[in-house]
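Take a look at the structure set out below.
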Amino acid sequence: GRTIHLADYRPTDFVLERVDLTFELDPTETKVEARLIFHRREGADLNAPLVLDGDELNMTGLLFDQIEMAPERYTETADSLTIRDLPESVPFEITVTTLINPEANTQLMGLYRSNGIYCTQCEAEGFRRITFFPDRPDVLAVYTVNIIADKDANPLLLSNGNFLGGAGYGPGKHFAAWFDPHPKPSYLFALVAGDLGVVEDTFVTMSEREVALKIYVEHGKEARAAYAMDALKRSMKWDEEVFGREYDLDIFMIVAVSDFNMGAMENKGLNIFNDKYVLADPETATDQDYANIEAIIAHEYFHNWTGNRITCRDWFQLCLKEGLTVYRDHEFSADQRSRAVKRIAEVRHLRSEQFPEDAGPLAHPVRPTKFREINNFYTTTVYEKGSEVTRMIATILGRDGFKKGMDLYFERHDGEAATVEDFVKSFEDANGRDLTQFSLWYHQAGTPQITVSSTYDAGAKTLSLSLEQMVPATPGQTAKEPMHIPLKFALIGENGSEASPAAVSGGEVTGDVLHLTERSQTFVFTGIGARPVVSLNRSFSAPVTLHFAQSKEDLAHIARHDSDLFARWQAITDLALPNLMAAAKAAAAGKAIECDAGLSDALLAIAADETLEAAFRAQALALPSESDIARELGSNNDPDAIYKGRQAILSAIATAGADTFRSLYDSLASGGSFTPDAASAGRRALRNAALGFLALSDKSPAGAAQAFAKADNMTDLAQALTVLAHRFPEAPETHAALAAFESRFASNALVLDKWFAIQATIPGEGSLERVMRLMQNPHFAASNPNRVRSLIGTFAFANATGFNRPDGKAYHFFAEEILAIDKRNPQLAARLLTALRSWRLLEPVRAEQAREALMTIERAAPQLSSDVADIVERILK
Ligand code: B3K
Ligand code: ZN
C-alpha cells in the first residue's frame, strides 16, 4: 500500500444521500445489492468521476438509474470502481450487486462467519469488502437494510437503527428490514444473523423515553450476560448525569461473538463484542474480567456520542473519538470504583505499553500525519495517550471549563465529521483560553522528560522549583518545541500538612496546578515557613517522566503523608525502582543481591495498614514490573538478570514479611457469596498478593495447592494456578492442578485462554517448548484470535525470559508464526509483531537474534500483507 498524507485531504466530489442495502445471506455466496443515491457536490469539478472503494469484491451487476451501465462508462480495478459521465447536479442512483463469501473471510473484516453466526466488522475499511462504496468516515448517509436468510438457521436478523418489520420470504426463508435515521459513516454499519439467545431489559432515559436493551449471546450463556447488562445501564445513566448525553434510538443491542480481532465495536445501535468482554460469572471470570467488561461496555456505549453522533473527518483524527472515549470510560470506572486505584492501574498500563511505543521505532503523534495501513494506528498512543491529552485539557480548564467546552463541542458538531482542531477550538472558545501551545500534545510524539530540582531558603522562606523539559527525537521528528505541561503539586510539611505559599513567581500556577510552558523555568514560592517536601505530578496529571532526585526520606514522607493516594503509590515505586535496578545489575555481574530494609519496611507497613483500601495495598505490593525495570535501565537489557534481580528482591520481602503475609492471607479469607464489587475485588487482590509472597518462601507447593483446591471463584483459582505453575512448574501438584483445570473447563474456551496464558508466562528455559506443545493441544485454534493472543501473544508480550532466550530460538519461532498468521489474518499478525518493537534495547547478542528474525519476516516481502510489511519495516528502520 502507498502512504496516505493528512495534507492531501479533500472532500468527496459527490454527496451520498441515501443507502439501501439488501443482503441475501448464504455461507459461501452472499448476494449484496447496494442502491446508492448521490448528487454532485456544489462547486465540484463537473467532469470529476465517482470513485468507489472495493476490496476482494466480485461484482455481478451495475445499474445507473435502474438501467444497466454501459461498459465504457466505468472501470473496475482490484480496489476501486470509477464511474464517468455523471449528471452535473441532479441526484442519480447507482446500484451495485456483489457476491461475497463470508465463510472464506478469515481476516474478520467485512462480513464473516463466527461459530455459525453472520457478523460484520467495518472499522476502519471493512465496508469496502461488502460492496463498492465511498468508504471514508466523512461520507455520512441514512441507511435502510433488508436481510433475507434461511429462517431455521437464522431466526435472528439484525442491523443498525430501529426495526421496520419482517415477514416470510419464499420457502424456508424470511426477511427483516431496519432503518437507521441517524446519518452515519460506513464504518459504523453492522449486520448480524444467526441463532442466538437473548437477555432483555429496558432503560428509561432522562427525557423518559423507554429504550429496549438486548444482549445476544450463544444459547445457554444468557446468565453470564447479566453483569454486562448491569454495566450498560450504569453507563447510560452516567453519560446522562456527567456529560448530559441521552441515548437516541428505541433499541440498543449488543451481540457477543467468539471470533473478533479486537475488544468490541461501537456500530450504531448494534455493538458487536468479543465474547470475552461480555460473558462473566464468578465461576469463570476473574475480577479483572469484570472490570474489563464494565469498562468496554461503557466505552462502546459512550461512542454513541463521541464517535457516532460526532465522527472523524478522516482516519488521522482517530484520537478525536478514541482518546476522548477512553477518557470517558476511565472517568466512568473511577466513579464506579476507587478513583485512586483506577488511576494507578491506568498509569501502570500507560507506562508499560505506551511509553515503550513512544520511545521506540513505532512512535507517532497522537494525531499522526501519514500512514500506510490505518489498522496499525489503533495504538496505545492514539487511545491511551489520547485520553491523557483530554485529561490534561480538563486539568487546565477545571471541571466547569471542561464541561463548557464539551457542551459547545456537542452543540457545534453534532451530526458532523470533525477534526482535532474543531475539538480544541470548542474548549478555547468556551473558555477564552488559547490552547495553541497545548495542541503540541497532538502533534509531537515522544514522552516529555522533565528534570526537576528544588532548593529551600530558610532565611527568605522561599522554595525554588526548577524544571527543564526535553522531548526526545522520534521517527520523522528531530527537533521539538517546548510543551504546555500541567503538573499538579503540593508542598507537604511535617505531619502531612500542605503549605500554601503567599505568592509564586516564575510562571503560571492555578490552584494546585503548575503550568510548565518554557524549556526551562524556575517557580519561586514565598512565605514557606519550613522546608516542605515537593509532591509533583500528583494524580499523574501529565503523561511525562520526571527526573527528580528526591531523597529516600522525602519519598518516604510522601508515601506516608500525601493526601493524593496516587502520589503515595508513586513514591513507593520510586523507592523500589533503584533497588530493582541495582538488583538487575548485581545479577548480571554475578554479584550478591541486596534489598534495602527501608523498602521492605515501607511495603510491609502499607500491606498491614488497615486504614488503606485493600486494592491500594495490593497495588503497592505489586512492585514495578520487569518491563518497568527494563525501561528505567534504558538499554543493553538482559531480561534474565532483570528477572533474577526482581525475584531476589521479592524473596527478601517475602522473608521479612512472612508473618504479615500469613495473617493477611488468613484474615482476608472470603466468607459468604461472591460479589464482583471493587471493595471485594480489592480484598481478593490483596489476599492473592499475600499468597504469591508466601509461595516465594515456601519450599513446597502444598500451600498453593491447597489454595487451588479451596478456591470458590475464578479470581482465586486462576491466581493459585499461576502461583503453582510459576513457582513450582515441575511439581506433581502443578501438573495435577493444570490437568484438573483443563478438564473442568474443557467446554469453555474463554477460561481455557487463561490456562494457555498462565502456562505461556512460566518463566525460564522450557518456555518455548511448552508453548509449542500447547499449540498442539486440541483446544488451541490458530484461526481464533483469542486463542492466538492468549498463547502466542502472551508468550511474546509477557514472558520476557522465555521469549528473549539468548539463542534467539523463540524469536525465530515467533517469526514463523507471524508469517503463518499473516496469511489468514493480517491485523492479528501485525498487532502481535509489535511485541518486538523494543528489540534495540536488548543486549547485543539477543538484539542481533531479534534483528535476524525480523529480517526473515521482511524477506517474505512480496507475500506480506501491508499490515505486517508496514510494522516490520518501521521496526527495522
Ligand atoms: N472502534 C473500535 C476499534 C476498531 C479497530 C479497527 N481496526 C473499537 C473501539 O475503540 O471502541
Ligand atoms: Zn473506541
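The values are calculated or read from the model by the stated rules, or taken from the named source; none is laboratory data. If you're wondering where the values come from, they're calculated on a predicted model, not measured in any experiment. Virtual Cβ from ideal backbone geometry, glycine too; neighbours counted across all protein chains shown.
Within the stretch 600-647, the residues that satisfy the criterion of being within 25 Å of residue 557 (Cβ to Cβ) and among the acidic types (Asp, Glu) are 601, 609, 610, 613, 628, 632. Across the stretch 284-294, the qualifying residues are those that are among the charged types (D, E, K, R) and touching a helix residue (DSSP H, G or I) at 6+ places or on another chain (Cβ under 6 Å), and the one among them that is nearest to ligand 2 (Cβ to nearest atom) is 294. Scanning the stretch 301-311 for residues that are surrounded by fewer than 24 Cβ atoms within 10 Å (Cβ to Cβ) and closer than 22 Å to residue 191 by Cβ yields 308, 309. Count of the stretch 302-329 residues, restricted to those that are more than 13 Å from residue 139 (Cα to Cα), within 12 Å of ligand 2 (Cβ to nearest atom) and not aromatic (Phe, Trp, Tyr), is 15. Among the listed residues 762, 758, which satisfies the condition of being more than 22 Å from the chain's Cα centre (by Cα) and either more than 20 Å from residue 825 (Cβ to Cβ) or part of a loop (DSSP other than H, G, I, E, B) (or both)? Of the residues listed, the single one that is more than 22 Å from the chain's Cα centre (by Cα) and either more than 20 Å from residue 825 (Cβ to Cβ) or part of a loop (DSSP other than H, G, I, E, B) (or both) is 762. Close Cβ contacts (under 9 Å, 6 or more residues apart or on different chains) running from residues in the stretch 569-583 that are farther than 13 Å from residue 600 by Cα to residues that are polar (S, T, N, Q) comprise 569/619; 570/535; 570/537; 571/535; 571/550; 574/550; 583/647. Just one of (1) part of a helix (DSSP H, G or I); (2) within 16 Å of ligand 1 (Cβ to nearest atom) fails for residue 224. It is (2).
The test for being surrounded by fewer than 23 Cβ atoms within 10 Å (Cβ to Cβ) and β-branched (Val, Ile, Thr) holds for residue 199. Residue count for the stretch 259-285 under the criterion of being more than 16 Å from ligand 1 (Cβ to nearest atom) and buried (at least 21 other Cβ atoms within 10 Å of the Cβ): the result is 3. Got at least one residue in the stretch 235-245 being among the small types (Gly, Ala, Ser), assigned to a helix (DSSP H, G or I) and within 16 Å of ligand 2 (Cβ to nearest atom)? For the stretch 235-245, residues among the small types (Gly, Ala, Ser), assigned to a helix (DSSP H, G or I) and within 16 Å of ligand 2 (Cβ to nearest atom): present. When residue 817 is tested against (1) part of a loop (DSSP other than H, G, I, E, B); (2) buried (at least 19 other Cβ atoms within 10 Å of the Cβ); (3) among the acidic types (Asp, Glu), exactly one condition is not met: (1).
Table: residues versus (1) small (Gly, Ala, Ser); (2) without any contact (Cβ under 8 Å) to a residue 24 or more places away in the chain; (3) outside any strand (DSSP E or B).
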position	(1), (2), (3)
10	no, yes, yes
27	no, no, yes
37	no, no, no
46	no, no, yes
55	no, no, yes
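Say whether the condition of being closer than 30 Å to residue 849 by Cβ, over 33 Å from the mean Cα position of the chain (by Cα) and surrounded by fewer than 20 Cβ atoms within 10 Å (Cβ to Cβ) is met by at least one residue in the stretch 628-640. Among the residues of the stretch 628-640, not one is closer than 30 Å to residue 849 by Cβ, over 33 Å from the mean Cα position of the chain (by Cα) and surrounded by fewer than 20 Cβ atoms within 10 Å (Cβ to Cβ), which makes the answer no. Could you check the stretch 473-507 and list, in sequence order, the residues that are loosely packed, with under 15 Cβ neighbours inside 10 Å, assigned to a loop (DSSP other than H, G, I, E, B) and either free of Cβ contacts under 8 Å to residues at least 12 places away in the same chain or not hydrophobic (A, V, I, L, M, F, W, C) (or both)? 475, 476, 478, 479, 481, 497, 500, listed by residue number. On inspection, residue 229 qualifies as at pLDDT 95 or above, touching a Leu at 6+ places or on another chain (Cβ under 9 Å), more than 30 Å from residue 36 (Cβ to Cβ) and not hydroxyl-bearing (Ser, Thr, Tyr). The lone criterion from (1) farther than 20 Å from residue 347 by Cα; (2) at pLDDT 95 or above; (3) assigned to a helix (DSSP H, G or I) left unmet by residue 611 is number (3). Buried (at least 24 other Cβ atoms within 10 Å of the Cβ), more than 23 Å from residue 145 (Cβ to Cβ) and either charged (D, E, K, R) or within 16 Å of ligand 2 (Cβ to nearest atom) (or both): is that true of residue 297 in this structure? Judged against the criteria, residue 297 is a match.
Residue pairs whose Cβ atoms lie under 9 Å apart, sitting 6 or more positions apart in sequence or on different chains, and linking a residue in the stretch 74-96 that is surrounded by 14 or more Cβ atoms within 10 Å (Cβ to Cβ) to a partner that is in a loop (DSSP other than H, G, I, E, B) and modelled with pLDDT under 95, do not occur here.
Here residue 384 qualifies as within 16 Å of ligand 2 (Cβ to nearest atom), out of contact with any Phe, Trp or Tyr (no Cβ under 9 Å at 6 or more places or on another chain) and assigned by TED's automatic domain parsing to the domain that holds residue 436. The single residue among 333, 338 that is more than 16 Å from ligand 1 (Cβ to nearest atom) and at negative phi turns out to be 338. One residue alone among 783, 743 is of a type in the set (Ser, Thr, Tyr) and not in a helix (DSSP H, G or I), and that residue is 783. Among residues belonging to the stretch 107-134 that are aliphatic (A, V, I, L, M) and over 14 Å from residue 21 (Cβ atoms), point out the one that is surrounded by the fewest Cβ atoms within 10 Å (Cβ to Cβ). Once the filter is applied, the top-ranked residue is 124. If I filter the stretch 360-375 down to residues being within 16 Å of ligand 2 (Cβ to nearest atom) and either assigned to a helix (DSSP H, G or I) or among the hydrophobic types (A, V, I, L, M, F, W, C) (or both), which single residue comes out as nearest to residue 2 (Cα to Cα)? That would be 374.
Evaluation of residue 714 against the conditions (1) surrounded by fewer than 20 Cβ atoms within 10 Å (Cβ to Cβ); (2) touching a residue at least 60 places away in the same chain (Cβ under 8 Å) shows that the sole unmet condition is (1).
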